[in-house]
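A.B. asks: Structure below; questions to follow.
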Amino acid sequence: MKVSIIGVGLLGGSFALALREKYPHLEFVGVDKSPVNQKIALAMGIVDEILPLEEALQVAELNVLATPVDIIMQLLPQMLDQLPAGRTVMDLGSTKGLICEIADAHPRRGQFVAVHPMAGTEHSGPGAAFKELLPTKNVIICDSEKSHPDSLALVEAFLHDIGMKVHYMTPTEHDLHLAYVSHLSHISSFALGLTVLEKEKDEKAIFDMASTGFSSTVRLAKSSPQMWAPIFDQNKKNVSRALGDYIKLLKKFKEAIDSEDLDTSLDFMQKANDIGRILAGIEKK
């Protein structure tokens, strides 16, 4: 059986490496416009060969669309147009509403499975891929009832077999929840990085004084702008709503500090501490 990875980067590469660990007999075909990415993917053993998209679709039973979400929207209709009967396309995009709308409008919607692994790092490209990224992590499948049972079963089996925890949502639920638990955290990190860079022009001073707290909070600011800008755009309604809620709390925090209202500041932080209990509960599941 052959699996094609369209967009051989962090997620696509890590998915291939995890599958290869579980199924040594699988063959992997890479599709990527970057010659550098192609060479790295071959050298790392992520894929066995590089093919043009049209050829990959003809030989692979499962086609994993792991490009930025704006490219997913461009390629998905073309791929479904050319996809032979009995073959499957799954995406790994971080937004689902617009992608699923495009899929819904296609007569071969059943051959598509909408997937989002809840995993990643601030790094990108095939050189950042590693086989341990996805096992034990949560993964969301959207509109599973719209996928053909055979395509859904194939994707579910691979996800379960590499150790992922599968959950099901509508695209609307997915995009709303992800705006708060993923997209907002990235914007916050980008904004913090910009704030400090604007204030502290002396980069050496930043490096000398940065604590582990700063490093962990600003880590996501190293993420790929080419990947995240389309995510924010596609989920702009929900991201704007999340940002609005966040900005309101930031203003309240500022007001408490400006007015030397220690009790209110303490109350905010004590309530926020409860996130630890929630995260601990999630990790036990």
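No value in this document is a laboratory result; all are computed from the given coordinates. Not measured: the values here are computed from a predicted model. Backbone-built Cβ (ideal geometry, glycine too); neighbour counts: all protein chains shown.
A.B. asks: I'd like the distance between the alpha-carbon centres of region 45-81 and region 215-247, rounded to an integer number of Å.
C.D. replies: 26 Å
A.B. asks: How do Arg87, Arg219 line up, fewest other C-beta atoms within 10 Å first? Let's see the in-between values first.
C.D. replies: Numbers: Arg87 21, Arg219 13.
So the ranking, lowest neighbour count to highest, is Arg219, Arg87.
A.B. asks: What translational diffusion coefficient, to the nearest whole µm²/s, does region 215-285 have by Stokes-Einstein, given a Kirkwood radius computed over alpha-carbon pairs, a temperature of 25 °C and 0.890 mPa s viscosity? Don't skip to the answer; put the middle values down first.
C.D. replies: Details: Rh = 15.1 Å.
The Stokes-Einstein estimate is 163 µm²/s.
A.B. asks: Select from Asn273, Leu184, Leu42 the residue farthest towards the positive end of the dipole of the chain; place +1 on Cβ of Lys and Arg, -1 on Cβ of Asp and Glu, and compute about the Cα centre.
C.D. replies: Checked the options; the winner is Asn273.
A.B. asks: On a straight-distance basis, which aspartates and glutamates could pair with Lys254 in a cross-link, Cα separation under 18 angstrom, same-chain partners fewer than 8 positions away excluded?
C.D. replies: List returned: Asp245, Asp263, Asp267.
A.B. asks: Return the Cα extents of the chain along principal axes one, two and three, sorted largest first, each rounded to a whole Å.
C.D. replies: 67, 42, 34
A.B. asks: Still on this structure, please answer the following. How much of the DSSP beta bridge set in the chain is antiparallel, as a percent to the nearest 5? Working shown, then result.
C.D. replies: Working: 4 of 27 bridges.
Among the beta bridges of the chain, antiparallel pairing accounts for roughly 15 percent.
A.B. asks: Separate question: Could you pull out every residue, at least 5 positions away or on a different chain, whose amide H is within less than 5 Å of the one on Val113? Hs are placed 1.01 Å off N in the peptide plane, and Pro or chain starts have none.
C.D. replies: Val89, Met90, Asp91
A.B. asks: Once you charge only the Cβ atoms, +1 for Lys and Arg and -1 for Asp and Glu, what is the size of the charge dipole of region 174-284 about its Cα centre, to the nearest 20 debye? Spell out each step's value before the answer.
C.D. replies: Working: 15 positive and 16 negative charges, 94 e Å.
In total the dipole reaches around 460 debye.
A.B. asks: Ok, one more. As a footprinting exposure proxy, order Phe214, Phe158, Phe190, Phe112 by other Cβ within 10 Å, with the fewest listed first.
C.D. replies: Details: Phe214 14, Phe158 21, Phe190 18, Phe112 30.
Final ranking by Cβ density, sparse to dense: Phe214, Phe190, Phe158, Phe112.
A.B. asks: For the chain, what's the relative contact order in percent, using C-alpha pairs closer than 8 Å and at least 6 residues apart?
C.D. replies: Details: 428 pairs, mean separation 48.1, N = 285.
Relative contact order for the chain comes out at 17 percent.
A.B. asks: Report, by chain and number, residues whose modeled amide H sits under 5 Å from the one on Val8, excluding near sequence neighbours (fewer than 5 apart, same chain).
C.D. replies: HN-HN under 5 Å from Val8: Val31.
A.B. asks: Dipole magnitude of the chain about its Cα centre, charges +1 at Lys/Arg Cβ and -1 at Asp/Glu Cβ only, in debye to the nearest 20?
C.D. replies: Details: 29 positive and 37 negative charges, 37 e Å.
Approximately 180 debye in magnitude.
A.B. asks: Which of rounded, prolate, oblate describes region 1-58, given a ≥ b ≥ c as roots of the alpha-carbon gyration tensor eigenvalues and a/c under 1.5 marking rounded, otherwise prolate only if a/b is larger than b/c? Could the numbers behind the result be given before it?
C.D. replies: On the way: a/c = 1.81, a/b = 1.20, b/c = 1.51.
Taking the square roots of the gyration eigenvalues as a ≥ b ≥ c, region 1-58 is oblate.
A.B. asks: Further question on the same structure: Can you give the % of DSSP beta bridges in region 2-169 that are antiparallel, to the nearest 5?
C.D. replies: Numbers: 4 of 27 bridges.
Percent antiparallel among DSSP bridges in region 2-169 is about 15.
A.B. asks: At a 10 Å Cβ-Cβ cut-off, how would you order Arg20, Arg109, fewest neighbours first?
C.D. replies: Numbers: Arg20 20, Arg109 16.
Sorted ascending by nearby Cβ count, the order is Arg109, Arg20.
A.B. asks: Of the cross-linked pairs Lys248/Lys271; Lys96/Lys146; Lys199/Lys251; Lys131/Lys165, which ones have a Cα-Cα span greater than 18 Å in the structure shown? Can you show the working numbers first?
C.D. replies: Values: Lys248/Lys271 16 Å; Lys96/Lys146 14 Å; Lys199/Lys251 20 Å; Lys131/Lys165 16 Å.
Checking Cα-Cα distances, Lys199/Lys251 exceed 18 Å.
A.B. asks: When the Karplus curve 6.51 cos²θ - 1.76 cosθ + 1.60 is applied with θ = phi - 60°, which whole-Hz ³J(HN,Hα) does each residue of region 28-35 get, with x for Gly and Pro?
C.D. replies: Once θ is set to phi - 60°, the couplings for region 28-35 become 10, 10, x, 10, 7, 6, 8, x Hz.
A.B. asks: Sticking with this one: What shape does region 2-169 have by the C-alpha gyration tensor, where a ≥ b ≥ c are the square roots of the eigenvalues, rounded means a/c under 1.5, and otherwise prolate means a/b greater than b/c and oblate the rest?
C.D. replies: On the way: a/c = 1.43, a/b = 1.20, b/c = 1.20.
It is rounded, given that a/c, with a ≥ b ≥ c, falls under 1.5.
A.B. asks: Still on this model: So what J values fall out for region 10-15 if you push phi through Karplus, 6.51 cos²θ - 1.76 cosθ + 1.60 with θ = phi - 60°, rounded to Hz, Gly and Pro as x?
C.D. replies: Using θ = phi - 60°, the values come out as 4, 6, x, x, 5, 4 Hz.
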